1. With the requirement that a residue be part of a loop (DSSP other than H, G, I, E, B), in contact with a Phe, Trp or Tyr (Cβ under 7 Å, 6 or more places away or on another chain) and near the ligand (Cβ under 8 Å from one of its atoms), what does the range 365-385 give you?
2. If P477 satisfies all but one of (1) farther than 30 Å from G241 by Cβ; (2) touching a Leu at 6+ places or on another chain (Cβ under 9 Å); (3) more than 15 Å from the ligand (Cβ to nearest atom), what's the number of the condition it fails?
3. Could you list, in sequence order, the residues of the range 208-243 that are open to solvent by less than 30 Å² (accessible area, probe 1.4 Å) and more than 20 Å from Y183 (Cα to Cα)?
4. If you take the residues of the range 412-429 that are among the polar types (S, T, N, Q) and farther than 23 Å from Q390 by Cβ, which of them is nearest to the ligand (Cβ to nearest atom)?
5. Is it the case that N425 is open to solvent by less than 20 Å² (accessible area, probe 1.4 Å), of a type in the set (S, T, N, Q), in contact (Cβ under 8 Å) with a residue 60 or more places away in the chain and under 24 Å from L7 (Cβ atoms)?
6. Going by the conditions given, is A56 surrounded by 20 or more Cβ atoms within 10 Å (Cβ to Cβ) and touching a Pro at 6+ places or on another chain (Cβ under 6 Å)?
7. State which residue pairs qualify: first residue open to solvent by 50 Å² or more (accessible area, probe 1.4 Å) and inside the range 358-378, second residue more than 8 Å from the ligand (Cβ to nearest atom) and of a type in the set (V, I, T) in any location, beta carbons under 9 Å apart, and separation of 6 or more residues or different chains.
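The values are calculated or read from the model by the stated rules, or taken from the named source; none is laboratory data. Please read all numbers here as calculations on a predicted model, not as lab measurements. Cβ: placed from backbone, ideal geometry, glycine included. Neighbour counts: every protein chain shown. For the accessible areas, the whole protein counts, side chains as well, though only heavy atoms, and no ligand, DNA or RNA atoms are used. Shrake-Rupley method; radii C 1.70, N 1.55, O 1.52, S 1.80 Å.
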Amino acid sequence: GGVRAGLYSESDQVAILTPDNVDAVLFNSASAALIEFYASWCGHCVAFSPMWKKLALDIKEWKSAVYLAAIDCATESNRAVCVRFGITGYPSLRFLPAFSSNDSTGEDLRGFPRDVTGLRHLIIDKLESHKLPGPPACPPLEKTSAREIDSYVESSRGQNLALVFEEDDSYVGREVILDLLQYENITVRRVLRSEEELVSRLGVTDFPSVYLYKTHTNFTRLPVLREARAFYSYALQSLPGVVREGKPRPEVSDFIRKETEEQWRPFNKTRVYMSDLESALHYSLRVELASHSVISGEALIALRGYISVLDKYFPGRPPVKNALKSVNDWLQKQEGTSINYSNFRDALDTMSTDSYLPKTVRWVACQGSKQHYRGYPCAVWMLFHTLTVQALETGSKDPQEVLQTMRRYVSSFFGCRPCAVHFENMAQESMDNVNSLRVAVLWLWSRHNRVNARLAGELSEDPHFPKVQWPPPDLCPACHSLKPSGEHTWVQDEVLAFLRNYYSAQHFLHDFLS
Ligand code: FAD
C-alpha cells in the first residue's frame, strides 16, 4: 500500500502533518495554512473528510498563497502536536497566517461552514484580513478602479489583463484571481458593479462577466460557456501565451519542434488514434513485461487477466485481434505455476499475414514535445478507457472485470512505481463499489481527473499539453453545468455519452492527419 495517514492519503491535495514535518511545513512558511485537527475514530471527522478533500482539490491552484493540512490526533505519535495546539475537540480548524512562528497556535475557526463554497469564502476572507506581511504569492484581491487600471496599462507592456465585473458581494473575482495565481503573463483584477466609470467605459451589463482589457478603446469580452468561476479560470489559463510559472512558453502554433529524430506530426486533438493504442500494446507486452524473466504468483494472475481482457475487448484491426486471441489461447494452455517471459514472447511473435502485433512505437495523439513527455503512460490511459468503454458496449456482465484487471496489471507490471502506488490507493478507496459497467467507465474517468489535478504544474507536465480537468468545456460543452450555488458540476450522463463516443472503435483514426 501507499503512504496513508488516517483519513487522508498522499494522493489528496492535503499536507499530512506528522511530528517530524510539522515545523518545516507549518512555521515560518511563505503561505498561510488551514489545518484540520481530527481523530480518525470520530464520526463527524469521517463525514467531513470528503469535504476537506474536495476543498483541497478545488483550491489546489492557490497553494503558494494558502494550503490545506491535516493531522490525525488519534495517532499516538501525533498527540504532542495536537496538545501543543491546544486541541480539545474534533474536527477543529485553525488558520495559521504566513510567517507564523513556532509558538503560534493559529486562529480557531469555530462554527466553520461544512460546505466547499462556504469554506472557500472563509479562506478568502482570511487572506483579505491577513496581517502584514501576507503571503508573498497572494495577488491583490481588492477591487480595482479606473484610475488604477489606466496607470497599470501604461506601465505593463502587452501583459494580458482580465477584468472580472461582479456584484459587490460576489467572490467570483477573487476566486479567479487566485486560480490564476501560478500563471504568468496574465493579471486578473475585479471590478465592482458600483465602479461606474469602468462599467460604463466598457458598457458592461452582465455581472459577473470578464473582459480582456488592452486600452481605453481596445477590449473584448471573454467568451465562455457559462458565466462562472470554473469557466473563466479555464478560459484564462488557456489563453495564448499564458503559462504556468517556470514552464517554457509554447510557441503559439500547431508546430512543435520535437527534440527527437522523429518529426512532429500534427494530429487531431479531439480524436483517439489506433496507432497510440497499438503502440501501447507493443510497449507493454514486449518491453514492460520483458523485465520480468519469470512470471509467477500474483504477476501471472495479472498477466492472464490482462491478456484475456485484451482478447475480449481490444477493438483492434483483425490481425491484431487474431494475435491477441492466439496469445490468450497459448496462455490458457500453460498449466505450470510460472512461465518464462521468453516463451510468452515466442507465442506473441508467432506471426502470419492475418495475425500480428506491430513491432514499433509510433505515438500520435500521445506525442510529447520532448522525448521524456507523454508517450507510453498517455497511451496506457487511453487503452484503459477504451477497454472500459468497450466492455460496456459489448454488454459484458461483470462491472469489475476490466477495472480489477487494470489494477492488477498496474500493481504487478506498470514501470512507474509511484504511479502504481497512487493508483492502488485510489482503487482501495472505491474501486470495489463499482456496480455497473457505466459506473466503471465513469470511475476511471474521474480517477484519471484526480491524477490530472495532482499532476497539474508538475515537472512531468508537457507545457504543450497542460493537465486539465477533462473533457474541458470546448471539447464537451454539454458535460459542464452549474449548481444553483454557482459551483461547477459535471453532467455525468453527458460525460458518459461523450466517453462512449470518444473511446469507441468506430470513432478512432487510423493514421496521421498528414
Ligand atoms: P494523460 O493524463 O496521460 O492522458 C492521456 C489522454 O487521455 C489525454 O491526452 C486526453 O485525451 C485523455 N484524458 C485526459 N483525462 C482524461 C479523463 N479524465 N478521462 C478520459 N480521458 C482522459 N504520473 C505521475 O507523475 N504520477 C502519478 O502518480 C501517475 N500515476 C499514473 C497512473 C496510471 C494508471 C497511469 C496510466 C499514468 C500515471 N501517471 C502518473 C502518468 C500521467 O498520468 C500521464 O499519463 C503522463 O503525465 C502523460 O500525460 P498526458 O499529458 O499525455 O495526459
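1. From the range 365-385, those part of a loop (DSSP other than H, G, I, E, B) are 365-375; that's our starting set.
Adding the requirement that they be in contact with a Phe, Trp or Tyr (Cβ under 7 Å, 6 or more places away or on another chain) leaves 365, 367, 374-375.
Those that are part of a loop (DSSP other than H, G, I, E, B), in contact with a Phe, Trp or Tyr (Cβ under 7 Å, 6 or more places away or on another chain) and near the ligand (Cβ under 8 Å from one of its atoms): A365, R374, G375.
2. (1)
3. The one that is open to solvent by less than 30 Å² (accessible area, probe 1.4 Å) and more than 20 Å from Y183 (Cα to Cα): S209.
4. The initial filter retains those residues of the range 412-429 that are among the polar types (S, T, N, Q), namely 412, 425, 428.
Next, only the ones that are farther than 23 Å from Q390 by Cβ stay: 425, 428.
Working: N425: 9, Q428: 14 Å.
The extreme case among them is N425.
5. Values: open to solvent by less than 20 Å² (accessible area, probe 1.4 Å): yes; of a type in the set (S, T, N, Q): yes; in contact (Cβ under 8 Å) with a residue 60 or more places away in the chain: yes; under 24 Å from L7 (Cβ atoms): yes.
Taking the combined requirement at face value, the residue satisfies it.
6. Details: surrounded by 20 or more Cβ atoms within 10 Å (Cβ to Cβ): yes; touching a Pro at 6+ places or on another chain (Cβ under 6 Å): no.
Spelling it out, it is not the case that A56 is surrounded by 20 or more Cβ atoms within 10 Å (Cβ to Cβ) and touching a Pro at 6+ places or on another chain (Cβ under 6 Å).
7. Final answer for the pair search is V361/V287; K370/T260; Q371/T260.
Condition check ((1) assigned to a loop (DSSP other than H, G, I, E, B); (2) surrounded by 19 or more Cβ atoms within 10 Å (Cβ to Cβ); (3) small (G, A, S)) across all residues:
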site	(1), (2), (3)
L277	no, yes, no
L281	no, yes, no
S284	no, yes, yes
V287	no, no, no
I295	no, yes, no
I301	no, no, no
Y306	no, yes, no
V309	no, yes, no
